[in-house]
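The values are calculated or read from the model by the stated rules, or taken from the named source; none is laboratory data. The structure presented is a predicted model; accordingly, all values stated were derived computationally and were not measured. Methodologically, a virtual Cβ is constructed for each residue, glycine included, from the backbone with ideal geometry; neighbour enumeration extends over all protein chains shown.
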Amino acid sequence: MNVLGIETSCDECSCAVVRDGNEILSNVIATQIELHKPYQGVVPELASRLHTEWISQVVTAAIMQAGLKNSDIDAVAVTNRPGLLGSLLVGVNFAKAFAAALDIPVIGIDHIRAHLYASQIENPLEYPYLGVLVSGGHTVICKVNGYDDVDVLGTTIDDAIGEAFDKVAKFYDLGYPGGVVIDRLSKSGDDMAFLFPGPTLDRGEHPYDMSYSGLKTGVINQLDKFRNGNAEKTKENIAASFQRAAVGILMKRVKLALKDTGLRRVSAGGGVAANSLLRSELKELEKGGCTVTFPSLKLCTDNGAMIAGLGYRYLKDGFRDDDYLNATARVQAFKKSYP
Ligand code: KG4
Ligand code: ZN
């Protein structure tokens with residue numbers, strides 16, 4: 001089954017063709033980064049306008065690169081939640097029109113679940129596993145029981161981890177998008193130049209919850225308070241110290257969740273799963289007997305292949321949407337449960 005996956009929830013206009021859920025025939029990602037760069041952040045109105053201009057060509061390119069014709073597509077999967085509403089609507093309406101024209105099924109896909117599923121396309125892991133979803137909008141530690149069955153163990157109570165990377169980079173004018181630049185600068189910085197503490201959350205029955213707004217504020221407004229001796233205030237040192245703290249906050253909860261749940265498999269997804277420090281710290285868990293997988297870098301950030309991959313699973317199990325498929329900016333409620 002050839003599934004066309006469409007992703008337009010934020011600033012990537014992406015379309016992929018995936019065969020039988022794991023053979024990526026094409027994955028075209030038209031990024032709007034350069035156009036949002038002057039604003040150092042995504043401008044929603046600009047994003048939806050660009051999706052409208054680009055979507056038709058991106059879909060055509062994906063089908064051509066797959067070596068197929070429109071009539072070879074068996075179904076369409078499209079991100080319909082959560083994200084920027086105007087941007088989501090462009091993808092959803094295109095998907096519905098495309099499916100109607102070819103008389104094939106269409107299915108709306110949850111962006112968060114797709115990030116959690118991305119590693120399953122290339123490196124399938126047996127369920128259940130501990131899922132670590134880290135992106136610009138979300139930070140979730142969860143028990144993934146199946147492609148459609150996720151128990152949330154902990155989330156950020158304020159900023160997402162990727163948002164903290166982006167805001168710190170914006171404040172220090174490091175470049176855009178922030179996460180990638182901080183990752184790069186950190187390689188030549190001293191990560192002990194500033195000793196930023198993690199949050200001391202007294203969350204009782206919510207021990208896996210995280211907070212990133214305190215760290216962000218500390219790095220931006222209270223740099224001297226956390227300066228280690230006479231450490232130099234270079235971009236590299238600030239980036240490396242921030243990155244160590246940000247990844248540390250997450251890893252502490254990941255380790256606790258692994259211990260409490262007894263899970264021995266871990267997978268990460270989302271843009272921040274491309275971070276080199278996070279990848280190496282998660283890989284370290286293998287020394288303790290865990291199996292750890294990530295998506296390749298291209299499948300970490302927003303892409304159509306993860307939408308097509310997850311879409312295939314739903315379609316194969318008989319799920320379909322109809323003409324009333326709509327977009328929603330909101331996060332669909334996940335089960336909250338604690339071991
Ligand atoms: O998954 P994604 O493309 O979009 C959302 O669903 O949010 O994630 C984008 C986020 C941004 O905050 C970006 O700065 C961050 O992922 N990011 C990184 C890296 N690459 C992207 N953060 C840290 N290190 C990276 N290498
Ligand atoms: Zn995303």
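The requirement of being under 25 Å from the mean Cα position of the chain (by Cα), assigned by TED's automatic domain parsing to the domain that holds Gly162 and among the acidic types (Asp, Glu) is fulfilled somewhere in region 195-216, by at least one residue.
When you look at Asp317, is it over 19 Å from Tyr117 (Cα atoms) and surrounded by fewer than 22 Cβ atoms within 10 Å (Cβ to Cβ), yes or no? Steps first, please.
Details: over 19 Å from Tyr117 (Cα atoms): no; surrounded by fewer than 22 Cβ atoms within 10 Å (Cβ to Cβ): yes.
So Asp317 fails the test.
Listed here are the residues, each with its yes/no results for (1) of a type in the set (A, V, I, L, M, F, W, C); (2) without any contact (Cβ under 8 Å) to a residue 60 or more places away in the chain; (3) not in a strand (DSSP E or B).
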residue: His36; (1), (2), (3): no, no, yes
residue: Glu45; (1), (2), (3): no, yes, yes
residue: Thr52; (1), (2), (3): no, yes, yes
residue: Val58; (1), (2), (3): yes, yes, yes
residue: Ser71; (1), (2), (3): no, yes, yes
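With respect to Ile6, is the statement that it is within 16 Å of ligand 2 (Cβ to nearest atom), part of a strand (DSSP E or B), crowded, with 20+ Cβ neighbours inside 10 Å and within 16 Å of the chain's Cα centre (by Cα) true? Please lay out each step first, then the result.
Numbers: within 16 Å of ligand 2 (Cβ to nearest atom): yes; part of a strand (DSSP E or B): yes; crowded, with 20+ Cβ neighbours inside 10 Å: yes; within 16 Å of the chain's Cα centre (by Cα): yes.
When the stated conditions are applied, Ile6 passes them.
If I filter region 271-315 down to residues being under 14 Å from Val180 (Cβ atoms) and not in a helix (DSSP H, G or I), which single residue comes out as nearest to ligand 2 (Cβ to nearest atom)?
Filtering region 271-315 down to residues under 14 Å from Val180 (Cβ atoms) leaves 271-279, 297-298, 300-302.
Still in the list and also not in a helix (DSSP H, G or I): 275, 301-302.
Working: Asn275: 14, Thr301: 7, Asp302: 4 Å.
Restricting to residues being under 14 Å from Val180 (Cβ atoms) and not in a helix (DSSP H, G or I), the top hit is Asp302.
All of (1) of a type in the set (Gly, Ala, Ser); (2) buried (at least 24 other Cβ atoms within 10 Å of the Cβ); (3) under 16 Å from Ser186 (Cβ atoms) hold for Gly269 with one exception: (3). Checked against the criterion of being of a type in the set (A, V, I, L, M, F, W, C) and crowded, with 21+ Cβ neighbours inside 10 Å, the candidates Val43, Val17 yield just one match: Val17. Per the listing Glu232, Glu236, Glu286, the residue uniquely touching a helix residue (DSSP H, G or I) at 6+ places or on another chain (Cβ under 9 Å), surrounded by fewer than 24 Cβ atoms within 10 Å (Cβ to Cβ) and without any contact (Cβ under 8 Å) to a residue 60 or more places away in the chain is Glu236.
Note on region 140-167: among residues that are within 10 Å of ligand 1 (Cβ to nearest atom) and touching a Leu at 6+ places or on another chain (Cβ under 9 Å), the one that is nearest to Gly248 (Cα to Cα) is Ile161. Residues that are touching a residue at least 24 places away in the same chain (Cβ under 8 Å) and out of contact with any helix residue (DSSP H, G or I) (no Cβ under 7 Å at 6 or more places or on another chain) were ranked within region 21-34; the one that is surrounded by the fewest Cβ atoms within 10 Å (Cβ to Cβ) is Ile33.
Selection of region 284-308 for residues being more than 15 Å from ligand 1 (Cβ to nearest atom) and on the phi < 0 side of the Ramachandran plot yields Glu284, Leu285, Glu286, Lys287, Gly288, Cys290, Thr291, Val292, Thr293, Ala308.
As for region 144-156, it holds at least one residue that is more than 21 Å from Arg330 (Cα to Cα) and more than 16 Å from ligand 2 (Cβ to nearest atom).
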